[in-house]
1. Return the residues of segment 89-113 that are surrounded by fewer than 21 Cβ atoms within 10 Å (Cβ to Cβ), within 25 Å of ALA153 (Cα to Cα) and in contact with a Leu (Cβ under 8 Å, 6 or more places away or on another chain); say none if nothing qualifies.
2. With (1) at pLDDT below 95; (2) surrounded by fewer than 20 Cβ atoms within 10 Å (Cβ to Cβ); (3) of a type outside the set (Phe, Trp, Tyr) as the list, and GLY211 as the residue in question, which single condition is left unmet?
3. Could you look through segment 55-112, keep only residues that are charged (D, E, K, R) and part of a helix (DSSP H, G or I), and pick out the one that is nearest to the chain's Cα centre (by Cα)?
4. I'd like to check something: does segment 119-128 contain any residue that is buried (at least 22 other Cβ atoms within 10 Å of the Cβ), assigned to a strand (DSSP E or B) and away from ligand 1 (no atom under 16 Å from the Cβ)?
5. Only one of (1) under 16 Å from LEU129 (Cα atoms); (2) modelled with pLDDT of 95 or more fails for ALA108. Which number is that?
6. Sort through ASP173, ASP145, ASP151 and tell me the only one that's modelled with pLDDT of 95 or more, more than 25 Å from ALA43 (Cα to Cα) and either polar (S, T, N, Q) or more than 16 Å from ligand 2 (Cβ to nearest atom) (or both).
7. Checking the conditions here, which among LEU94, LEU77, LEU129 is within 16 Å of ligand 3 (Cβ to nearest atom), farther than 20 Å from LEU160 by Cα and touching a strand residue (DSSP E or B) at 6+ places or on another chain (Cβ under 9 Å)?
8. Among (1) in a helix (DSSP H, G or I); (2) surrounded by 15 or more Cβ atoms within 10 Å (Cβ to Cβ), which single condition is VAL155 missing?
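The values are calculated or read from the model by the stated rules, or taken from the named source; none is laboratory data. This structure is a prediction, so every number in the text was calculated from the model and none was measured. Cβ placement follows ideal geometry from the backbone for every residue including glycine, while neighbour counts extend to all protein chains displayed.
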Amino acid sequence: MSLSFLRTIVIYFSIILVNMTLLNLINPADAAVLISEVVADPASDWDADGEISSRGDEWVEIVNSGPGGVDLADYYLRDALGDDPQICFSGLLLVGETAVFFGSDAVAWQLEQGLSSTGLSLNNAGDMLELYHGHPLDVDAVLVDALIYPDHAGVDDRSLARFLPENEWVLCDGLNPYGGTQEPAGTGCSPTPGESNVCEGLVPSESRSWGEVKTDYR
Ligand SMILES: [Ca+2]
Ligand SMILES: [Ca+2]
Ligand SMILES: [Ca+2]
């Protein structure tokens, strides 16, 4: 992991902790919607528009882990170090449901808003994402989830996926196997855009180091 990325992580966690302190934190009802899976470096036509695009085919999946349905109309995803959000989600997410949003969805929303059409802006070298209830530039917006993914998850069609109920982040490298030593390790599981994160035969790890790191900052 590069020094600049480590420095960015430290800055990011500082921002999160300050936000949490200032906002006196998270309403449990808001915590129902979580980031559940990310593909930062698409090598497939994930949005099925007929072409493979590094911008249009990135995707982020969210899941409703709470006890009731959630209207996504006021949920925003933002690159952690940006100002404007990348997308405002839409639709109704029922209990336990997942929904996937592609870079092309983000571009469409950005064009509607008169923003630069950068798409989801998922950095292949690792990145940080924030999920807000309320526009992130509004003072009463609530940070409901955040994700940092490492660089080895941002390589051709690998996803990082949250497996519930263990709340463990799993590298889904079935389309592009990872044999390195970074955490989380390769699993052979395949990305599952818009579907619950499951993988036959996967046993939750004992170490859960990546999940524990995440939990420390939520
Ligand atoms: Ca990317
Ligand atoms: Ca495409
Ligand atoms: Ca999924």
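1. Within segment 89-113, ALA99 is the sole residue that qualifies.
2. (2)
3. If we filter segment 55-112 for residues that are charged (D, E, K, R), which is where we start, we get 55, 57-58, 61, 71, 74, 78-79, 83-84, 97, 105, 112.
Pick out the ones that are also part of a helix (DSSP H, G or I) and you get 74, 105, 112.
Numbers: ASP74: 17, ASP105: 15, GLU112: 23 Å.
Going through the qualifying residues, I end up with ASP105.
4. no
5. (1)
6. Working: ASP173 fails: more than 25 Å from ALA43 (Cα to Cα); ASP151 fails: more than 25 Å from ALA43 (Cα to Cα).
Only one candidate qualifies: ASP145.
7. Values: LEU77 fails: farther than 20 Å from LEU160 by Cα; LEU129 fails: farther than 20 Å from LEU160 by Cα.
After ruling out the rest, the residue left standing is LEU94.
8. Of the numbered conditions (1) in a helix (DSSP H, G or I); (2) surrounded by 15 or more Cβ atoms within 10 Å (Cβ to Cβ), the odd one out for VAL155 is (1).
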